[in-house]
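To start, the structure itself, in structure tokens.
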Amino acid sequence: GSHSQLEDTAPRIVEHPTDVLVSKGEPATLSCKAEGRPAPVVEWYKDGERVETDREDPRSHRTLLPGGSLFFLRILHGRRGKPDEGIYVCVARNYLGEATSRNASLEVAGE
């Protein structure tokens, strides 16, 4: 066989998110980079629930960056809750399979 034909490959995570500590109201980024062919689709989960980004909701304060990282315009943190605090994982999928990153915690620094 000729090697010019690139074979499809299942996703693999090449950059994992790391724990972040953020002051409320500040921006934050959770890194994630995945490789695969075809290019995998990246989704984020927080505490097991899928994270909605501005792709689903244009008003969202969370943006999925082109490489797969999750960017927070500002960390939301109110008396009634800490919607951004939690354990995040990034999942990359294509038709050959999926890869899950390590867990990363996002913590909001104390008042």
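The values are calculated or read from the model by the stated rules, or taken from the named source; none is laboratory data. On a predicted model such as this, the values are computed, not experimentally measured, just so you know. Note that each Cβ is placed from the backbone with ideal geometry, even for glycine, and that neighbours are counted across all protein chains shown. Accessible surface is based on the protein model in full, side chains and every heavy atom, while ligands, DNA and RNA are left aside. Shrake-Rupley method; radii C 1.70, N 1.55, O 1.52, S 1.80 Å.
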- prompt: Out of 81, 97, 48, any idea which swings most in a Gaussian network model of the chain, alpha carbons joined below 10 Å?
  reply: 81
- line: Of all C-alpha pairs within region 21-75, those more than 18 angstrom apart amount in percent to 35 percent
query: Farthest toward the dipole's positive end in the chain, which of 73, 41, 6, given Cβ charges of +1 (Lys, Arg) and -1 (Asp, Glu) about the Cα centre?
result: 73
Computed magnitude of the charge dipole of the chain (debye, nearest 20; Cβ of K, R +1, Cβ of D, E -1): 200 debye
task: Would you mind getting the Kirkwood hydrodynamic radius of region 49-111 from its Cα pairs, rounded to one decimal in Å?
output: 13.3 Å
message: With every atom except the alpha carbons ignored, what do you get for Rg and Dmax of region 7-106, in angstroms?
response: 13.7, 51
Sequence-distant aspartates and glutamates (8 or more away, or on other chains) whose Cα lies within less than 17 Å of residue 24: 84, 85, 107, 111
- prompt: Roughly how many Å² is the accessible area per residue of the chain, as a whole number, for a 1.4 Å probe?
  reply: 64 Å²
- prompt: Any idea what the relative contact order of region 7-106 is, in percent, if you count C-alpha pairs under 8 Å spaced at least 6 apart?
  reply: 37 percent
message: Quick check: residue separation of residue 50 and residue 23 times 0.36 nm, minus the Cα distance between them. What number comes out in nm?
response: 7.4 nm
query: Straight-line reach from residue 33: which lysines have Cα under 21 Å away, leaving out those fewer than 8 places along the same chain?
result: 46
- prompt: Carbon and sulfur: what percent of the chain's accessible surface (1.4 Å probe)?
  reply: 47 percent
